[in-house]
1. As an exercise: evaluate Gly102 against (1) on the phi < 0 side of the Ramachandran plot; (2) surrounded by 15 or more Cβ atoms within 10 Å (Cβ to Cβ); (3) touching a residue at least 40 places away in the same chain (Cβ under 8 Å) and give the number of the one condition it does not meet.
2. Among the residues of segment 167-187, which ones are of a type outside the set (Phe, Trp, Tyr) and surrounded by 21 or more Cβ atoms within 10 Å (Cβ to Cβ)?
3. Among (1) touching a strand residue (DSSP E or B) at 6+ places or on another chain (Cβ under 8 Å); (2) charged (D, E, K, R); (3) closer than 21 Å to Asn69 by Cα, which single condition is Asp171 missing?
4. Give me the pairs, please: first residue somewhere in segment 134-157 and more than 26 Å from Val33 (Cβ to Cβ) and surrounded by fewer than 21 Cβ atoms within 10 Å (Cβ to Cβ), second residue anywhere and modelled with pLDDT of 95 or more and of a type in the set (Phe, Trp, Tyr), beta-carbon distance under 7 Å, and either six or more positions apart or on two chains.
5. Could we say that Gly131 is within 18 Å of Ile32 (Cβ to Cβ), of a type in the set (Gly, Ala, Ser) and free of Cβ contacts under 8 Å to residues at least 40 places away in the same chain here?
6. Restricting the first residue to segment 167-182 and requiring it to be without any contact (Cβ under 8 Å) to a residue 40 or more places away in the chain, which pairs with a second residue that is assigned to a helix (DSSP H, G or I) meet a Cβ separation below 6 Å and a spacing of at least six or different chains?
7. Would you confirm whether any residue within segment 77-91 is surrounded by fewer than 17 Cβ atoms within 10 Å (Cβ to Cβ) and at positive phi?
8. Please verify whether Ala192 is loosely packed, with under 15 Cβ neighbours inside 10 Å, of a type in the set (A, V, I, L, M, F, W, C) and either within 18 Å of the chain's Cα centre (by Cα) or modelled with pLDDT under 95 (or both), treating the condition exactly as stated.
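The values are calculated or read from the model by the stated rules, or taken from the named source; none is laboratory data. Worth saying up front: this structure is predicted, and the values here are computed from it rather than measured. Cβ placement follows ideal geometry from the backbone for every residue including glycine, while neighbour counts extend to all protein chains displayed.
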Amino acid sequence: MRIFALLCAATLVPACGSQKTLTEAPAPTVTIVVFGDSITAQAFVPAVTPSFADVSLGLRPDRLTTVVNWGASGYSTSIAIKIMGNIVRDHPEAGIVGIAFGTNDAYNNSISAATYEANLSAMVDTAKAAGKIVMIPTIPYSPKAELSGLPAFNAAIANVIAAKNCLAGPDLYQWFLSNPSEIGPDSIHPNATGQASINRLWAQAVSAVQ
């Protein structure tokens, strides 16, 4: 993660003619921890450019915006729900929590959309109880037949956002549906261009949070 600090100095000239330098306070920092699966894990890495931090600085030069990558391969909400409390406890610096699960849940309908919605709702409750702002993206589109049920899972996300007063994260489903060339050869994980798009779309969403 690359972190940029903006420090400015202003020179004041009092009436008596003497000079003194006033150093302004550092720019405020906004941190989001994105808790997700391998799609998250592979996206927020130093090799991906432009990075979340780069895009965020361009969008909000008034502040320092950083991301904590808490993506884990193979994770679904059935696993994540058990450690959501640890995530928010271990990252007090993060005022925003992104919850980015669903691909593994929806794969061959390993759990029902209703169970997914209940799991997601419980995770949101845990994050909000810790005072976090919660942002939830849609699940990225995939052309695989095993993921044909994604629309029902994304509908569950919309239900949770509305019921729990969460922030809508980037619409990754629509992005990859419209830009299938950014999906990798396994038809699930984004390629390098798609990973850069994920960084940009997340940065755009977070930049709107005051």
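1. (1)
2. Gly169, Pro170, Leu172, Ile183 - these are the residues of segment 167-187 that are of a type outside the set (Phe, Trp, Tyr) and surrounded by 21 or more Cβ atoms within 10 Å (Cβ to Cβ).
3. Result: Asp171 fails condition (1) only.
4. These pairs meet every condition: Glu146/Tyr107.
5. In short, yes.
6. Every condition considered, the pairs that remain are Ala168/Ile161; Pro170/Leu201; Pro170/Trp202; Pro170/Ala205; Tyr173/Asn154; Glu182/Thr193; Glu182/Gly194; Glu182/Ser197.
7. No - not one qualifying residue is present in segment 77-91.
8. yes
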